Each structure stands twice: as C-alpha cells, then as structure tokens.
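Notes follow the structure.
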Amino acid sequence: MANLSMTTETDTETDTAPQPARRASLAAIRDSDLWYSFRTHPSAVFAACLLALVALTALFAPWITPQDPYDLAALELWNSEIPPIWNEAGQWPYILGTDTQGRDILSAILYGSRISLIIGFASVIAALSVGLSLGLIAGYFGGWVDNVIMRLGDVLLSMPFILIAILITAVATASLPTGLKDVLAAPILILAIAVPSWVQYARTVRASAMVERKKEYVQAARLIRVKPWRIMLHHILPNCLTPILVAATLNFGLAILSEATLSFLGVGMPPDQPSLGTLIRIGNQYLFSGLWWIVVFPAVQLCLIVLSVNMIGDWLRDALNPKLR
Amino acid sequence: MLAFLIKRTANAAFVMLAVALLAFIIFRFFGDPVEMMVNEQATQADRAELRERLGLNDGFVTQYTRFVTNAVQGDFGISYRNQQDVMVLIGERFPATFELVLVATIISLVVGIPLGVITAVHRNSPLANALQLGSIVGVSLPSFVVGIMLILAFSVSLGWLPAFGRGETVDIGWWSTGLLTPSGRAALVLPAISLSTFQITLVMRLVRAEMLETLRTDYVKFARARGVPVGRVNWVHALRNCLMPVITLTGMQIGNLIAFALVTETVFQWPGMGLLFIQAVTFVDIPVMAAYLMLVSFIFVVLNTVVDVTYAWVDPRLRDDAAKAGGANG
C-alpha cells in the first residue's frame, strides 16, 4: 500500500520538473500512454520509489532525524567516532554512526540530500528558463540576435563543463567579502551549474523555432498581430517540449553530480552547511583512519539519488521516443 | 573544401579569442595583480612603478592585445603563489596528466568495445541486460566516489596498490614518465580506472547502438549466409564498421578527460595539471588559472576542429550541408 502511494507521489514530481510541460503536452496528450509505460517498467517504478523516499526523508529531515547536525550545542564529543549500529560498538540512535565531532551521519546525510536536491533542482530550472527564452528569441528573430546568442553558446560549449563551473565559483568566492561567501554559496553553485548547461536547451528550442516560424499557422498568427512573445510561448514552445523534458530530467542528475563534485573539490558548499559532496570531502580526510562510515554512507546516498534520476530519465527518453513505440 | 577549412579555422580562432577575453577579464579584474605580486613592505612608489611596468595603466584593448600576444607565445606571466613562470609550472605537470588520460582512454576502449559488442549481439539476454543496467550505474557514479571506493578497497583494506602520488618517475628529456618504473605503474592503476569508468560506459553504449544498426545491414546477413563463422562476422566484419564513431568520440572526449582528470587528480593527489589548477583556485593564483583555462580550451577546440575537418574531408556531403546551414544562419 505504501508503495502505491509513493509511486503516484513521484510521478507528479517528475512531471512538474518543467512546469508548462504538464499542462500543455504531457497531461493532455500522453498522460495515459505514459502512465501505462511507467507501470510496465519495473526499473522506472523502482527508481521513482527510491527518489520519492529520498525526497520525502530529505524534506521531513528535521522531524525524523535524531539530532540537528548543525546545532553545535547538540553535538557531544563523547559520542564521536561511533561505528554503525550493526557493529558491536554501535549505539542507538546513531544508526549509521557518528563523525569525529559526534555528529550523527544519518542526520547529516538527510540534511545534505536536502541541499543537494534543492541546488540540483534550482539549477535545472534556472538553465531551463534562460535556455528556453534565449533559444526562442534566437530562433524566432534570427539575424544578428541569433548570431550573438548562438556564438556565446559555442564559446561556452568549447570549454569543459566542470571547468566553467569551477571558474565561476572561484571568481565569485574570490571577489565576495568573507561574510557573504557562505551565505551566497548555494546561489553561486546554482549559477555555476546553470551557466554551462543552458546552451543545450537553447539549441533544441532554436532548431524547432526556426522550423515553426516559417509555417503557415505562425504566419497567420503574425498577420492577425499576435504579439511575438505570445507566438513563441503558446505556439512554438509546446512543439519542442518532449526532448526538453528528457534533457531536463537527465540534466537534473548531472546537476546533482556537478554540485557534489564542486563541493568535493572545496569550491562548493561550506562545511557548516554541507551538501552530500561536502560530507564526502570531510569524510575523505578519515579514509586512512578506519572511519570508513563517515565517507561511505554519504557516497552511497549520492549514488542512489543520481542513479534513480538517471533511470527515470532513461525510461522517459524511451517512453517519449516515437520511433520506439 | 578550402573554404570550409578556412571557415572552421576562423571559427576556432574566434572561440579561442573569446576564451582569451574571459581569461583576461578574470586575470585583470578579480583581485589587483599588483597587490598580489608585491610584498607588504612595498611603498606606494614601488607599486606605481610595478603597475607601470606591467602596463596596467594602458587601455583595455591594448592590454588585451598584449595578453593574447603573450599567450600565443606561451607567456602567461609569473605564478602569484610560488613566483615561477606559469608555463614552466604547467609544463612540469603536463606529462602526469597526459599519461593518466592516455591510459584511461586505452582502458575505456579495451573494456568498452567488447562490452558494447556483447550487449548488442546477445540482445535481451540476462548478461546483456545486466551489462546495460551496469552502464546506467556507471554513468551515475561520480568519478570521485569511484576513486574513494577504489582507495578504500585496494589501498586501505587490501593494501595492494598505492593511494596517492605518482611513484618513481624517469626523465626522458623534459618529459617525466611513470610508465617505466614498477612503482609508477602501480600508482597509475587506480587513478586510471577511476577516470575511465564514465568513458567505458560511453564507449560501450556507442558501440552497442552502432552494432545494433550494423547487424541489420545486408552485408552482415550475406556474410552469415555465406557461412562465415558467427564470431568472425560479429567481431571483424560488423565491428570494423562501428569503429569510426568510436574513434571520433574518443578524440573529442580527450579534452573532457583532461578537464575531468582534475577531479581524479584531487582524489589521488596525482601531481598533474588539474591538481595544480585546483591548488591555484584555492590560493586565487590567477595567472595559473588563466593559463590552465586557455590550454584546456585550446586542446578542446583543436580536437573538435580536427574532427570536423576530417569528417568533411571524408564525407563531402557535410561540406555542402555546412555551407547551406551557414547560409541560413547569415
């Protein structure tokens, strides 16, 4: 029973990723097909359940974790370095053990997943909104506007993703005063991940906008003086939402990975508000002192999140691919 | 063809100028270069003198032109942190990164191609399905997590392989190689595997997709009908026709691998360019950051251009298409 309610939960969740998709193309046209395909793919259902579980436990972390891992007053040093519960030295309620400061690993993981998921989600939304608008403008107006936007995209794509992201965080943290750095860590990361990833959306939308704008219905709409932005949003955009939805889902996984990588490298979330990547960075220091649980459990959680997102993305790509139906 | 060549080269040059502009802006406007270079006792006059000597009082365009001219000659200035010539620093670290990327690429081909063929040939078999699932897992595993797990398993628990450093190296001219000593080879194993994980899945998926197409073609059916052994048809006749895209992918991914090596290098404290870059980021050592950015982008752009031009050379249709697309754009 619990299973059933969870699947419905995630399905709405994955659907809402790019907002307009749900109203315009998915719900209206494909909902029943998509739902059938979802039910008949065990890996998709499994991934959705997993992601729902992760999202819910992250969301309700303050109510289900044994301690607030960031409340320094709640940490007791004599509780430090406790191994997981199945080890004979393990102690309740520290199911996955504690770190060197007595912080409960499970609580830290749930709070960390929260940060990772939020940053991943926000950076996809940011990249989507910039990419879709610029792509529509470039494809619809053409000419020098198109040239400027697409050349900018070419330059961004000529540098490795991870390098752009590191440069943005590095420059931002170097030019900000110390106090602001930690406060703005999350927005900086969102920016750093969104900047190199909008180009993909822009290219997709531009290609279909260039085709659509020559069609008669757009000509007709122009003739009756429908405003350009209305043509773009209501007539052209809905035609290219399917590939965008698939790309956005896969990029959500990529964004979480990128955030974790940046935090692991030390240019992401600071240690006092750690994401999963920061937790792995911290745990990595104790690799040789036998405290394996500090690094392994956050790493497992990160892999599970990305894996489930990628499995949903893979299923979605096949399910929405007209050639495979 | 000549027109296409010129167009592609001009495009690459434009992209490099844009990257240079970015590197220059970072270099010039984030942190004052003078403040970074002088020591604390320097007088106001010293600073003004240095500022004049570095040409920081000139106009923006003059400074940018000088930056590009110097960069073309391989002069990226002096590292703020250890007062050494940036290009010398990067040159010392380049062999380490190059060998890591090279070995990772070889591993990805040697493992990825057979896996791809197997999953395509035995489609829908339990083994192929397991490998297919494994490839999704491979894409989802962050490379630094793979590195940490490898260290935990093979260095901490089993104690078989070293977890950091490059081992002993031998100098051949200016190139220092770790491939000739046992400790150097041992040190290379874990970083190379960790860097190649993602690449293996990429090669495997590509080979699988190409093989599925090729297996349906007439010449493969004909070879089978003629009685050529199945193994030979799959692994020689069909596979050979799938290798061109694999070579392209491998070529284009080398730039990405060099950039991504910085993560692996951080995990394994591998003394390559990537580790140098990450340390430069921590210390806001901007000349090193700018030089690394330019160098990696340069490799990236050159590889892409070479691949494009080769394709146009092999396949004339692409030239026409490119010309048409260019016409529609302009």
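The values are calculated or read from the model by the stated rules, or taken from the named source; none is laboratory data. Because the structure is predicted, anything quoted here is derived from the model rather than measured. Glycine gets a Cβ as well: all are built from the backbone with ideal geometry, and neighbour counts include every protein chain shown. SASA here: full protein model, heavy atoms, side chains in, ligands and nucleic acids out. Shrake-Rupley method; radii C 1.70, N 1.55, O 1.52, S 1.80 Å.
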* **Accessible area buried, both sides summed, chains B and A with 1.4 Å probe, Å²** => 3500
* Asked: Among the residues of region B:139-174, which ones have their accessible area go down by 30 Å² or more when all the protein chains sit together, as opposed to their chain alone (1.4 Å probe)?
  -> B:S140, B:P142, B:F144, B:V145, B:I148, B:M149, B:L152, B:V156
* Could you do me a favour and compute the accessible area per residue for region B:120-254, 1.4 Å probe, result in Å²? => 51
* Structure fact -> So the pair-distance distribution of the protein assembly as shown, from every Cα-Cα distance in 20 Å bins, comes to percents of 16, 49, 31, 4, 0
* Structure-based [θ]222 nm, the protein assembly as shown - -39500 (n - 2.57) summed over DSSP H runs of at least 4, per residue, nearest 500 -> -23500 deg cm²/dmol
* Asked: If you look for lysine pairs in the protein assembly as shown that are eight or more places apart or on different chains, how many of them have Cα atoms under 25 Å apart?
  -> 7
* Added length on full extension, which subtracts the Cα-Cα distance from 0.36 nm per residue, B:N57 to B:I6 -> 14.7 nm
* Provide the solvent-accessible area of A:R151, counting protein heavy atoms only and rolling a 1.4 Å probe, rounded to the nearest 10 Å². => 80
* Structure fact -> With every protein chain kept in place and a 1.4 Å probe, region A:206-259 has an accessible area per residue in Å² of 52
* Structure fact -> Expressed as a percent, the accessible surface of chain B that is carbon or sulfur, using a 1.4 Å probe and the full set of protein chains, is 66
* Kirkwood Rh, angstrom, region A:104-176 [1 / mean 1/r, Cα pairs] -> 15.0
* Asked: Membrane-span-like helices in chain B: DSSP H runs reaching 24 Å or more (Cα, own axis), mean Kyte hydropathy at least 1.6?
  -> B:2-29, B:86-121, B:286-314
* To do: Please calculate how many Å² of accessible area region B:53-92 carries per residue, with a 1.4 Å probe and no DNA, RNA or ligand atoms counted.
  => 59
* region A:139-201 - percent of accessible surface contributed by carbon and sulfur, probe 1.4 Å -> 74
* Asked: Taking amide hydrogens as modeled 1.01 Å from N in the peptide plane, which residues meet the under 5 Å criterion relative to A:T98, leaving out close sequence neighbours?
  -> A:E81, A:I82, A:I105
* Got a sec to turn the phi values of region A:224-233 into Karplus ³J(HN,Hα) couplings, 6.51 cos²θ - 1.76 cosθ + 1.60 with θ = phi - 60°, whole Hz, x for Gly and Pro? -> 8, 6, 6, 5, x, 5, 6, 4, 4, 6
* Considering protein heavy atoms only and a 1.4 Å probe radius, which residues within region A:137-167 exhibit an accessible-area decrease of no less than 40 Å² in the full assembly relative to the chain by itself? -> A:R151, A:V155, A:S158, A:M159, A:P160, A:I162, A:L163, A:I166, A:L167
* Options A:N310, A:V211, A:L191, ranked by Cα towards positive dipole end of region A:180-320, top entry (Cβ charges) -> A:V211
* Structure fact -> Contact-by-burial set, region B:1-34, min loss 30 Å², accessible area of protein heavy atoms with 1.4 Å probe, reference chain alone, gives B:F14, B:V15, B:I26, B:F30
* Asked: Using the per-residue mean of other Cβ atoms lying within 10 Å as a proxy for protection, in what order, highest first, do the peptides A:282-294, A:115-127, B:106-118 fall?
  -> A:115-127, B:106-118, A:282-294
